[in-house]
Amino acid sequence: VIKMIMDSPFVVSANLHGGDLVANYPYDESDGRSETGYSASPDDATFRTLALTYAGNHPRMGNVNTPGCESNENQFAKQGGITNGAAWYSVPGGMQDFNYLGSNDFEITLELGCDKYPPADSLKQEWEDNKKSLIEFIWTAHMGIKGVIRNAATGAGIPGAIIHMRNVTRTAKYTRRDDDIDHDVTSARGGDYWRLSPPGEYQIIVQAKGFAPQAKLVSVSEPSHTTAPVLNFDLEPVPEMDSVSQDQFFPQVNPDQNQDILYNNYMGDIDEYGLSPDYYVPQF
């Protein structure tokens, strides 16, 4: 599974389970200070949107009148049918955390019912209950921006370029946010990239070794059944000695400790499997 994830870039994905009725989002692993507790990723708002998209289009998942699996009271439904993974129970080494930290993919976990082995005669209704949720979830692949990072001199795509996102959404007439989202993505083999995000205004900063960095502003609208806005970058080649380091260009970006710990854990998994994926690895 790890090899498939690294060899075939995904935009958004879900793994399907049974045992409860809830859409679960990263982080699955707690920060180590307790066995359970909300463990937010830098893209917490995006993951909540993904989970709510699925749960909100399911007839029972977010319905407060749906009884829980172990009692008549349904705590998950009171939360809209969603939960942070670690707030429920901590799962080290889970696939949704790996996808987020080891690739460009945003993955959630879908618990589709209390019965892990539903009888065959219930499968038609299971399909009807989940059909709209699945279709709307697929559409979330266009929630955010996409584009191609190219060499301005040759037009060739640049793999492994780092794409950094800063939230500069207007909060009042004369004020804006200035929040770095401490989770960069990287361009794929052909220079193509994608970056999921909720609606807002963002500064997108792109850097690749041997090229001058470039920044652009983009506005992301409410999700709809249309493709994501395209934001391409044509980077000018510069002599190696003039290249700007990532630390110089992003001096204020300091990923939180929890992400650093998890990222190092998952990079160890990649090393263990002897993989050398070239679509996501930065060129630094």
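The values are calculated or read from the model by the stated rules, or taken from the named source; none is laboratory data. Fair warning: this is a prediction, and the values are worked out from it, not measured in the lab. Cβ coordinates were reconstructed from backbone atoms using ideal geometry, including for glycine residues, and neighbour counts include every protein chain displayed. Accessible surface areas use protein heavy atoms only, side chains included; no ligands, DNA or RNA. Shrake-Rupley method; radii C 1.70, N 1.55, O 1.52, S 1.80 Å.
Here are some notes:
- The lone exception for T49 - which of (1) open to solvent by 30 Å² or more (accessible area, probe 1.4 Å); (2) at pLDDT below 90 it fails: (2)
- Breaking point among (1) surrounded by fewer than 19 Cβ atoms within 10 Å (Cβ to Cβ); (2) in contact (Cβ under 8 Å) with a residue 24 or more places away in the chain; (3) over 17 Å from N104 (Cβ atoms), for V230: (3)
- A141 being farther than 19 Å from L235 by Cα, small (G, A, S) and surrounded by 15 or more Cβ atoms within 10 Å (Cβ to Cβ): yes
- For the residues G32, G81, G19, the requirement of being within 24 Å of I181 (Cβ to Cβ) and touching a residue at least 40 places away in the same chain (Cβ under 8 Å) singles out G32.
- Looking across the range 8-17, the residues that are surrounded by 15 or more Cβ atoms within 10 Å (Cβ to Cβ) and part of a loop (DSSP other than H, G, I, E, B) come down to P9, F10, V11.
- Selection count, the range 52-62, where residues are assigned to a loop (DSSP other than H, G, I, E, B) and open to solvent by 40 Å² or more (accessible area, probe 1.4 Å): 3
- Residue list for the range 25-40, filter: in a loop (DSSP other than H, G, I, E, B) and open to solvent by less than 10 Å² (accessible area, probe 1.4 Å): P26, Y27, S39
- Taking every residue in the range 89-103 that is at positive phi and pairing it with any residue that is open to solvent by less than 10 Å² (accessible area, probe 1.4 Å), at least 6 positions away or on another chain, the pairs with Cβ-Cβ distances below 9 Å are G93/Y266.
- Test: residue in the range 87-97 that is touching a Ser or Thr at 6+ places or on another chain (Cβ under 9 Å), farther than 30 Å from T186 by Cα and open to solvent by 60 Å² or more (accessible area, probe 1.4 Å): yes
- Of the residues making up the range 144-191, those that are outside any loop (DSSP other than H, G, I, E, B), in contact (Cβ under 8 Å) with a residue 12 or more places away in the chain and either closer than 15 Å to I205 by Cα or in contact with a Lys or Arg (Cβ under 7 Å, 6 or more places away or on another chain) (or both) number 24.
- Looking at P199, P159, just one residue is closer than 16 Å to A228 by Cβ and not basic (K, R), and that residue is P199.
- Test: Y25 is among the aromatic types (F, W, Y) and under 18 Å from T140 (Cβ atoms): yes
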